[in-house]
Each structure stands twice: as C-alpha cells, then as structure tokens.
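Quick notes on the structure that follows.
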Amino acid sequence: MLVIDAAFVPRLGRKARLKLDRHANKYMIIYPERGLELNDAAAAIAKKCDGSRSVAVIAAELAAEHEGAPRDAIEQDVVAFVSMLRDKGLLQV
Amino acid sequence: MTPRPYTLIAELTYRCPLRCPYCSNPTDYLAYKNELTTEDWCRVFGEAEELGVVQLHLTGGEPLARKDLEVLAARAREVGLYVNLVTSGIPLTRERLLGLAQAGVDHVQVSVQSSRAELADEIGGYAGHARKLDVMRWVKELDLPLTMNVVLHRANLDEIDELVALAEEVGADRLELANTQYLNWALSNRDVLLPTREQIERAAEKAAPHRERLRGRMDVLFVKPDYFGATPKACMDGWARRFVQIVPDGRVVPCHAATSITALVFENVRGRPLKEIWASSPALLAYRGEAWMQEPCRSCDRRAIDFGGCRCQAFALTGDAAATDPACHLSAHRASIDTAHAAADAGGQARRYLYRGKPPNEGKTTP
Ligand code: SF4
Ligand code: SF4
C-alpha cells in the first residue's frame, strides 16, 4: 500500500471533486455516491492536495499561514488526512 | 425541522431492455407512460440543488432509453451536482459514452448479473453480458470512475471470488455486492431468489478478505441483507430524510418501493416546487421522524439508528406501513420471514423466474 510520508506529493484523484457547499458554507469532497464534509483544517489541507506540493511543503505552508502553530503536529495531521484519502481511494496514484 | 436531502434519485424512465427478476421498479411499471419532459427534469435539478442535494443518480429502468440523457447530464453538472449514471450498459456505444462523459457524467455504475455469461443472460432475461464487459472497459478507457454492481441471490451468491476477479479485471473502483431486497419484483420472485442462510454466511466470509486486500484500490461493499439479521437496516437512512426520489411520471417519493404503499398519495413536481413538496407533502411527512411509531419501536433504543426499518417491507408483509419491520426479531410478524428462510434452506423453488416485460423473442426464451 502507498506510504504517506513527508516526501509524498498528494493529489486528489479524478473521481473526487472538492467543492464549497453553499448550504453549510463548508468544503466537501464528493465522489461516487458519497460525500465527505470537511472541517476547516481538513479543507485547508485538501485545497493544497493538487499534485504540486509534498506533505512537508503543505505542512510548512499551513504553519506559516497560522502563526505559532507547531509544524510537526500539522505534518502529522496532513499525513493522517492524506492517509484517509488514500484508504478511500480518493488519491491520484 | 425539515431535513436536508443529499441525494436525488432520478428515475428517468421504467423502460429497460433487461428483465431482472429482482428489479426494484414497481410491478405495475408499464402504467408509467407519462414521463417528465426534458424541461421538467432540468428545472427539478436546479430545485434539488437549492434544497441541498449534491449527489444525483440518473437511473431507471434504463436511463439510456432517454434520448435527452446528454442534455440532462449537462444540466445537472451545470448546477453543480455530482452525476452518477446507473445503467445496465444496454444499449450503449463507445461514442455515446464519450458524449455522456463530455456532457458531465462523473461516475458510471454498471450492473452485472453474474460472472458467468450464460447465467448472467438467463438472470437478466437478455443476452447482454458480453456488451456489459465492453461498456465497463470503455468507462475505464475514458478515465471515469466505475462501479460494478451485482445484485446477489441464490443463483449467484456462491460467485464472490469470481465476481471480485471480474471487477479487478475491468478495473472497477467500487464493487457493490448488493444482496437482494425483497420488495417489488424481488418479492414476487422471493421463493426462487432467497438464498440459504449458509450461503449468506459463506459469501460474507469470502468478501471480507477481498475488502481488506483491495483497500485504497477498490472499495468492496458487501452488506448482509436485512432478512438475515436480528434487527432491520436503516432503510434509506430514514423515510424522506437524506434521499429524495422522483419516479418517471414526476411524483416525489422517499424510496424505490414507496408507491406500493397504496394509501399514500405522492405529489408531483409538475404541480408544485420540489422544495414545498419536500417540506410539506403529507406522504413524505407520514413516516418522517418518530411520531408515527408504534410499539415495540416507540420505546426501543434503536429507533434513532434503524428508524424502525423499512416501511415498504412492513406494508408488504403485514399490511400496515407503520408496523415494525418484520425483519426485526421484536416484530410480531417475524415468522413470515423465518418461514421463507426455512423454505429456502430446505431447497427453495426451482429456478423459474417471473420476468418483467415480454420476452424479447417469443418462442426462444430463457428457461
Ligand atoms: S434491475 Fe434489471 S430490469 Fe430492472 S431496471 Fe435494472 S437492468 Fe432493468
Ligand atoms: S423494535 Fe423497531 S426500532 Fe427497535 S430494533 Fe426493531 S425495528 Fe428497530
């Protein structure tokens, strides 16, 4: 199975669509017959899963955007979120 | 508070070249001649999106029978819905599939009747299996997500390994191993379709390791049928709660079998905006929430989990749509299901299906 580490470059797969749900004003990932409501932290990560940044870069950008946030903890969150996307088959592989 | 529906199941037509003996269409499907127009559906998709819907299932019958399917898919995509095409794959060409993908179809679900061509064609009452394999390959060639759906019953339940292998071979992203729900046509064919309890156990045991092995590559779904449990399933996540369905003539219903509940009068999107129907149609309010419940559901801890089960099944098996689903061990009517099990375990009925529709070529029909 795909290993998600700091160097991994995540990209949402073809079947997943990230969309701002205008009713709840929250981001959602919609995919075949299912939907995943994202909280703000998850949405911030999902928006960066575009195949141009590694997990480490995503964590660094998020840390910079939220001053004082611990980078290591953010990186763990990114790994966890991206792993969840992998398990659901929502990553481009 | 009025719940938000996330999914619209648009049954565009009940026409279909196949004749599956477990079909979820109403047994009086031939009476649905007055199909909604292209304009009606286009308006309704916008109304559904306003109501909160994000997922759209274009289904039937066979949605490909609608010549305006491309227009409908494009409109649905335009208003931001995720467009699932639920099809038998008959009749489809690669060109039309390409056109549908360009129009906005996001995902294709193809039904397969068996891993063995001969049996598949017997079950579907139509020689279509070979074409379905082509269709599934085209879907992947066009880089669309693919679900292979198999309705499971006595004749194909022992094929789990073969079905998984087929799904892997065609590159499916999801495999739905969907045990038959005994409503509509499936209820008419229950004595032939119902598997033995041992078959179900074996199939569940076989599916589990595939699910683990394929995690992240293919989502393997195997849901044990409600007949085989002690408590019912949360049918549709509750009556008129997360799913809204529209039948070909425009009536708004909560699920596939709801029109079988003869006392309910469902309102039509031709006469009133979807939003108003969803919020106040007496038929949708009838079993929404918990107020309608009788004992034992009324005081049961599981009522917020399974919503008392399926209203259509309660009606079909007890004559009272507000009764506890007989799939529940606490139902006074559970015996009707246990009797069916006993008959199935003892060997069941010979494989002679009651098919919908007329045979495609009289005189040369399946056994
Ligand atoms: S279940 Fe079979 S007969 Fe019914 S609509 Fe689907 S393909 Fe057609
Ligand atoms: S009694 Fe009603 S609520 Fe309780 S488990 Fe049975 S069907 Fe569900």
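Some values worked out for this structure:
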| quantity | calculated |
| --- | --- |
| Matching residues, the range B:57-84, being on the phi > 0 side of the Ramachandran plot and crowded, with 22+ Cβ neighbours inside 10 Å | B:G61 |
| Unmet requirement for B:I277, which otherwise passes all of (1) crowded, with 16+ Cβ neighbours inside 10 Å; (2) away from ligand 2 (no atom under 16 Å from the Cβ); (3) closer than 30 Å to B:V192 by Cβ; (4) β-branched (V, I, T) | (3) |
| Criterion: out of contact with any Phe, Trp or Tyr (no Cβ under 6 Å at 6 or more places or on another chain), among the aliphatic types (A, V, I, L, M) and open to solvent by less than 60 Å² (accessible area, probe 1.4 Å) - qualifying residue of A:A7, A:A44, A:A16 | A:A44 |
| Of residues in the range B:308-330 being near ligand 2 (Cβ under 7 Å from one of its atoms) and hydrophobic (A, V, I, L, M, F, W, C), the one surrounded by the fewest Cβ atoms within 10 Å (Cβ to Cβ) | B:L330 |
| Residue list for the range A:25-37, filter: open to solvent by 50 Å² or more (accessible area, probe 1.4 Å) and part of a loop (DSSP other than H, G, I, E, B) | A:N25 |
| Matching option when the condition is among the hydroxyl-bearing types (S, T, Y), out of contact with any Asp or Glu (no Cβ under 6 Å at 6 or more places or on another chain), surrounded by 22 or more Cβ atoms within 10 Å (Cβ to Cβ) and more than 27 Å from B:Y227 (Cβ to Cβ), among B:T87, B:T93 | B:T87 |
| B:A208 buried (at least 18 other Cβ atoms within 10 Å of the Cβ), at pLDDT 95 or above, more than 15 Å from ligand 1 (Cβ to nearest atom) and under 26 Å from B:M236 (Cβ atoms) | no |
| Whichever residue in the range B:144-163 is farther than 16 Å from B:Q109 by Cβ and more than 16 Å from ligand 1 (Cβ to nearest atom) and, among such residues, is surrounded by the most Cβ atoms within 10 Å (Cβ to Cβ) | B:I160 |
| Single residue of the range B:280-297 satisfying the filter (within 16 Å of ligand 2 (Cβ to nearest atom) and open to solvent by less than 30 Å² (accessible area, probe 1.4 Å)) that is nearest to B:P326 (Cα to Cα) | B:C297 |
| In the range B:308-324, residue farthest from ligand 1 (Cβ to nearest atom) [restricted to those that are in a loop (DSSP other than H, G, I, E, B) and under 19 Å from the mean Cα position of the chain (by Cα)] | B:G309 |
| Pairs with Cβ under 6 Å, 6+ apart, first in the range B:282-293 and within 14 Å of chain A (Cβ to nearest Cβ), second assigned to a loop (DSSP other than H, G, I, E, B) and within 16 Å of ligand 1 (Cβ to nearest atom) | none |
| Residues of the range B:24-63 that turn out to be away from ligand 1 (no atom under 16 Å from the Cβ), hydrophobic (A, V, I, L, M, F, W, C) and over 30 Å from A:N25 (Cβ atoms), as a count | 1 |
| Qualifying positions in the range B:1-19 - open to solvent by less than 40 Å² (accessible area, probe 1.4 Å) and more than 26 Å from B:R242 (Cβ to Cβ) | B:L18, B:R19 |
| Cβ pairs under 6 Å, 6+ apart, first in the range B:225-236 and open to solvent by less than 40 Å² (accessible area, probe 1.4 Å), second of a type in the set (F, W, Y) | B:A234/B:F307 |
| Residue count for the range B:113-128, restricted to those that are open to solvent by less than 10 Å² (accessible area, probe 1.4 Å) and in contact with a helix residue (DSSP H, G or I) (Cβ under 6 Å, 6 or more places away or on another chain) | 3 |
| Subset of the range B:167-210 [farther than 27 Å from B:D28 by Cα and in a loop (DSSP other than H, G, I, E, B)] | B:G171, B:A172, B:D173, B:T196 |
| Of all residues making up the range B:1-57, the number that are in a loop (DSSP other than H, G, I, E, B) and over 25 Å from B:H107 (Cβ atoms) | 11 |
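The values are calculated or read from the model by the stated rules, or taken from the named source; none is laboratory data. Computed from a predicted structure; not experimentally measured. Every residue, glycine as well, gets a Cβ built from its backbone with ideal geometry; the counts of neighbours run over all protein chains shown. With ligands, DNA and RNA removed, areas are computed over all heavy atoms of the protein, side chains included. Shrake-Rupley method; radii C 1.70, N 1.55, O 1.52, S 1.80 Å.
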